[in-house]
1. Taking the Cβ of GLU82 as the centre, find all other residues whose Cβ is under 11 Å away and add up their charges (Lys, Arg: +1; Asp, Glu: -1).
2. What does the charge count around PRO282 come to, taking other residues whose C-beta lies under 14 Å from its C-beta (Lys +1, Arg +1, Asp -1, Glu -1)?
3. Averaged per residue, what accessible surface does the range 11-252 expose to a 1.4 Å probe, in Å²?
4. To the nearest 10 square angstrom, what accessible area does TRP235 show with a 1.4 Å probe?
5. Provide the per-residue ³J(HN,Hα) series for the range 3-20, in order, calculated from phi with Karplus coefficients 6.51, -1.76, 1.60 and θ = phi - 60°, each as a whole number of Hz, with x at glycine and proline positions.
6. Return, for the Cα atoms of the range 1-88, the radius of gyration and Dmax in Å, separated by a comma.
7. Give the separation of the Cα centroids, the range 287-354 to the range 77-107, in Å.
8. Could you go through the range 161-167 in sequence order and give the Karplus-derived ³J(HN,Hα) for each residue, using 6.51 cos²θ - 1.76 cosθ + 1.60 with θ = phi - 60°, rounded to whole Hz, and x for Gly and Pro?
Amino acid sequence: MNLTSDNIAPAHHSVLSALGAVNAGSSAPYGKDEVTAQVEELLAGIFECEVGVFLVTTGTASNALALAQMTPPWGAIIAHSEAHVLHDECGAPEFFSNGAKMVGLPGVDGKITADGLRALLARDYWTPPTHVTPSAVTLSQATEAGTVYRPGEIAAIAEVARDRGLRVHMDGARFANAVAAVGVSPAEMTWRAGVEALSFGFTKNGAMAAEAVVLFAPDLIRNLAERRKRGGHLWSKGRFIAAQAAALLEDGLWLKLAHQANAQAARLALGLEARGLKTAFPVEANEVFAHLPAATHEALKAQGVGYYVWSSDSIAPHRAGGADEVIARLICSFATEPQEIDAFLAAIDGAGAQKKASRSPGTPLF
Ligand SMILES: *Cc1c(COP(=O)(O)O)cnc(C)c1O
């Protein structure tokens, strides 16, 4: 049982077949191949508009390149205070932007709000040249708390951003899970709500290593080709990234796999609820954050069950856990089987039974 992340999953067999299929004959290098053109067409169709597309192989590169297009070196990029771009990318957004400042904005359930952003921007803090210039806001979709922004929330944030001249980026490492969760069109989730650039993640969705910077604002395209090359992310055999993305985008496989992952998270959430165990955040996509009694956690770890222990300042008061509880971050992927979820829940039951047994009268406590 391993629910540590969705990147522990294998690549989907369609992705590997697609890699095999493009591994024949010769092909134009540096993204001038037909498969890359096909991905551009597929994305334009999915988003119902013209898009700029830049394929890379890590989400960090995708985020950092997109954000660097949106800010001068003396700019500020505003993100949720627990965002991946802020904590888990080793300063890549700062590095690629030649030193722009990442600014964290707290918010419940892993989300920033329009009001929160407005208040931050209204602070007497942004006077040039002493202070950095707010230049961009980035939203994780789905969030690091496994929650999902609705188009209305995005539009409200984007409006505040636009009023102050900030660009709007979306870190869509789990974009597929978010779209599947809300059931709106990819266009409604992005540019129609004011998103100007999306890091569209395929890796956690079922690729081996493929991510796309998708640009909705034409002016953001300028010199991104050079920035990607300088960053070492222009693949000469680019068709091998493109083939992965194409395999997932064709026939809606990306959404089908996201639905599968989300369904297992929902199954897990139901099982936890049935056992009286609370979650730290609403379960909306493919991530579940469960409050587990410390003894249950110890028993699960002793059995080698894989998950990360989480901490977060973004938990709503009514969802807070007890003092002797830990938060287990449990992530489902397209490859997570219902049996694995059931086995996990059975392991929780077993851990609880063990605990009761060890406290039964006559059993020594030490
Ligand atoms: C996984 C993830 C990324 C991308 O990470 P890489 O390891 O660089 O591919 C970006 N944002 C979020 C929220 C993620 O979960």
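1. So the surrounding residues net to -3.
2. Value of the local net charge: -2.
3. That works out to 40 Å² for each residue.
4. 90
5. Each residue of the range 3-20 in turn: 10, 5, 6, 8, 8, 7, 6, x, 7, 5, 4, 5, 5, 5, 4, 5, 5, x Hz.
6. In Å, with Rg to one decimal and Dmax whole: 17.2, 48.
7. Taking the Cα centre of each part, the range 287-354 and the range 77-107 sit 28 Å apart.
8. 4, 4, 4, 9, x, 8, 7
The values are calculated or read from the model by the stated rules, or taken from the named source; none is laboratory data. Note that this is a predicted model, so its numbers are computed, not measured. Every residue, glycine among them, receives a Cβ derived from its backbone with ideal geometry; neighbour counts consider all protein chains shown. Quick note on the areas: whole protein, heavy atoms, side chains included, nothing else; ligands and nucleic acids left out. Shrake-Rupley method; radii C 1.70, N 1.55, O 1.52, S 1.80 Å.
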